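Notes follow once the structure below has been shown.
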Amino acid sequence: MKTKQIVLASRPKGLPTLKDFRFEEVDLSEINKGEILLKGMFYSVDPYMRGRMNDAKSYAVPFQIDQPMMGAVVALVSESKSEMFKTGDVVVGSLPWRETFIASEKDIRKIDVSTIRPSYYLGILGMPGLTAYFGLTQIGKPKEGETVVISGAAGAVGVVVGQIAKIHGCRVVGIAGTDEKVKELKDEFGFDEVINYKTTKDMTKAIAEACPKGVDVYFDNVGGEISDAVINNINLHARIALCGQISLYNATEVPMGPRIQPMLLTRSVLMQGFIVGNYQSLFLEGSQQLAAWVKQGKLKYAETVEHGFDKLPNALLGLFSGDNTGKMVVEA
Ligand code: NDP
């Protein structure tokens, strides 16, 4: 049987382009005992994939040239030689960018799609949701009445962070890149204030105005000048959860910013980086809490869905131009 796959054709310098990907047809081998034939339903694209396109040591191993890109995929079992899965089951796993693929039973897990949209396992009930939950609760430790600022607020992680901060009784201020996102975060997701960083000249002043009592918790998804401006408003004993630095992922030179250490020191600020996998032993608890909030209607979610397997590279590139609100997924 043949299938289509998308491989990394070249390592990008700066912003990736469509030329860094290549579509191919490949033959699939026979299914052996303990293996399952899967058909991709929803594919996740995530900012960390940009780092994996570089040949650099990091927490996730680099993609290899001429080898398929990989990521979280929700897939349908179309044939099974495993006792753990049957035809018709829906599963999730870290899988190659192929339309059809053979996976080992060890690499996938069954998901309940009876009441939950399958793609939610790539977003609010998957890695981004857990990132929001653990980054905010374990590092941000928000207390009632505190002010929480979130950059990248309209993305897969950001929309969840804001709502969890509201559940904790905080004032929530988001930073996002379009007026539509600003409106949606306020009207749909209950943010108290949202700043459009693309149309705001003086971010330090705008954050001061949106946070009259200063910033107690900063959930940083983007880094760069936006974070410099937030840190200018940071309070005594504030906590900064360093989740992502997307504004720097395509940088070709190390950018120079203000030295923030004196500010952190004199205000006794805790700044901690984290990778969601640090909290693996707590994933079950985190997933159950997120699922409960979703079922209770306390957590809403947004998705931007691109249609067609061939759209995967465009969807990934779209993350760097802010094409998505909520989780960016590709429906096959
Ligand atoms: P998003 O869904 O937020 O998508 C990326 C968004 O980032 C875009 O929609 C865009 O929104 C914004 N953006 C893109 N370029 C820039 C820029 N130069 N400056 C400011 N904003 C920019 O992605 P995720 O929610 O999946 O991830 C958010 C962050 O969290 C990323 O940095 C990611 O790497 C990180 N992450 C970290 C994890 C961890 O374990 N530490 C796990 C998961 C994610 P806009 O229109 O607002 O510009």
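Select, from Cys243, Cys170, the only residue that is touching a Pro at 6+ places or on another chain (Cβ under 6 Å) and either away from the ligand (no atom under 11 Å from the Cβ) or closer than 21 Å to Lys143 by Cβ (or both). Give the derivation first.
On the way: Cys243 fails: touching a Pro at 6+ places or on another chain (Cβ under 6 Å).
Just one listed residue meets the conditions, Cys170.
Looking only at segment 61-78, count every residue that is part of a strand (DSSP E or B) and touching a residue at least 60 places away in the same chain (Cβ under 8 Å) and tell me the total.
Here is the first cut: in segment 61-78, the residues part of a strand (DSSP E or B) are 65, 68, 70-78.
Filter once more, so that each one left must be touching a residue at least 60 places away in the same chain (Cβ under 8 Å): 68.
Of the residues in that region, 1 qualify.
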Q. Looking at (1) surrounded by 13 or more Cβ atoms within 10 Å (Cβ to Cβ); (2) part of a loop (DSSP other than H, G, I, E, B); (3) not basic (Lys, Arg), can you tell me which one Ile207 breaks?
A. (2)
Q: Could you give me the residue pairs with C-beta distances under 9 Å whose first residue belongs to segment 313-332 and is among the hydroxyl-bearing types (Ser, Thr, Tyr), whose second residue is within 7 Å of the ligand (Cβ to nearest atom) and part of a helix (DSSP H, G or I) wherever it lies, and which are 6+ apart or on separate chains?
A: Thr325/Lys181
Q) Considering segment 113-154 alone, what residues qualify as being within 13 Å of the ligand (Cβ to nearest atom) and either over 19 Å from Ser287 (Cα atoms) or at pLDDT below 95 (or both)? A) Ile150, Ser151, Gly152, Ala153, Ala154
Q.
Testing Glu180 on (1) in contact with a helix residue (DSSP H, G or I) (Cβ under 9 Å, 6 or more places away or on another chain); (2) within 16 Å of the ligand (Cβ to nearest atom); (3) open to solvent by 30 Å² or more (accessible area, probe 1.4 Å), one condition comes back false. Which one is that?
A. (1)
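Mind counting the residues in segment 12-37 that are open to solvent by less than 60 Å² (accessible area, probe 1.4 Å) and farther than 14 Å from Pro68 by Cβ? Before the answer, list the steps.
As a first pass, look at segment 12-37 and keep what is open to solvent by less than 60 Å² (accessible area, probe 1.4 Å): 12, 14, 16, 20-21, 24, 26, 28, 31, 34-37.
Applying the additional criterion that residues be farther than 14 Å from Pro68 by Cβ yields 12, 14, 16, 31, 34-37.
Number of matching residues: 8.
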Q. Considering segment 224-238 alone, what residues qualify as being open to solvent by less than 10 Å² (accessible area, probe 1.4 Å) and in contact (Cβ under 8 Å) with a residue 40 or more places away in the chain?
A. Ser227, Val230
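Let me confirm something: among Leu290, Leu264, Leu319, which residue is away from the ligand (no atom under 16 Å from the Cβ), in contact with a helix residue (DSSP H, G or I) (Cβ under 9 Å, 6 or more places away or on another chain) and open to solvent by less than 50 Å² (accessible area, probe 1.4 Å)? Steps first, answer last, please.
Values: Leu290 fails: away from the ligand (no atom under 16 Å from the Cβ); Leu319 fails: away from the ligand (no atom under 16 Å from the Cβ).
Step by step, each of Leu290, Leu264, Leu319 is checked, and only Leu264 is away from the ligand (no atom under 16 Å from the Cβ), in contact with a helix residue (DSSP H, G or I) (Cβ under 9 Å, 6 or more places away or on another chain) and open to solvent by less than 50 Å² (accessible area, probe 1.4 Å).
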**Q.** segment 180-199 residues that are of a type outside the set (Val, Ile, Thr), paired with ones that are surrounded by fewer than 18 Cβ atoms within 10 Å (Cβ to Cβ) (beta carbon under 6 Å, 6 or more apart)
**A.** Asn196/Asp179
(Q) Please verify whether Val157 is within 15 Å of Ala229 (Cα to Cα), within 20 Å of the chain's Cα centre (by Cα) and either of a type in the set (D, E, K, R) or modelled with pLDDT of 95 or more (or both), treating the condition exactly as stated. (A) no
Q: Pull up segment 234-257, narrow it to residues that are assigned to a loop (DSSP other than H, G, I, E, B) and over 24 Å from the mean Cα position of the chain (by Cα), then point me to the one that is nearest to Ala132 (Cα to Cα).
A: Gly257
Q. Can you name the residue in segment 21-60 that is in a helix (DSSP H, G or I) and not hydroxyl-bearing (Ser, Thr, Tyr) and, of all such residues, is farthest from the ligand (Cβ to nearest atom)?
A. Arg52
Q) In segment 183-202, what residues are open to solvent by 20 Å² or more (accessible area, probe 1.4 Å) and either away from the ligand (no atom under 15 Å from the Cβ) or not hydroxyl-bearing (Ser, Thr, Tyr) (or both)? A) Lys183, Glu184, Lys186, Asp187, Glu188, Gly190, Asp192, Glu193, Lys198, Lys201, Asp202
**Q.** Criterion violated by Pro212 - all others in (1) open to solvent by 50 Å² or more (accessible area, probe 1.4 Å); (2) in a loop (DSSP other than H, G, I, E, B); (3) in contact (Cβ under 8 Å) with a residue 24 or more places away in the chain; (4) more than 13 Å from the ligand (Cβ to nearest atom) satisfied
**A.** (3)
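The values are calculated or read from the model by the stated rules, or taken from the named source; none is laboratory data. Predicted model only: the values in this text are computed from it and were never measured. Methodologically, a virtual Cβ is constructed for each residue, glycine included, from the backbone with ideal geometry; neighbour enumeration extends over all protein chains shown. Heads up: the accessible areas ignore ligands, DNA and RNA and are worked out on the full protein's heavy atoms, side chains in. Shrake-Rupley method; radii C 1.70, N 1.55, O 1.52, S 1.80 Å.
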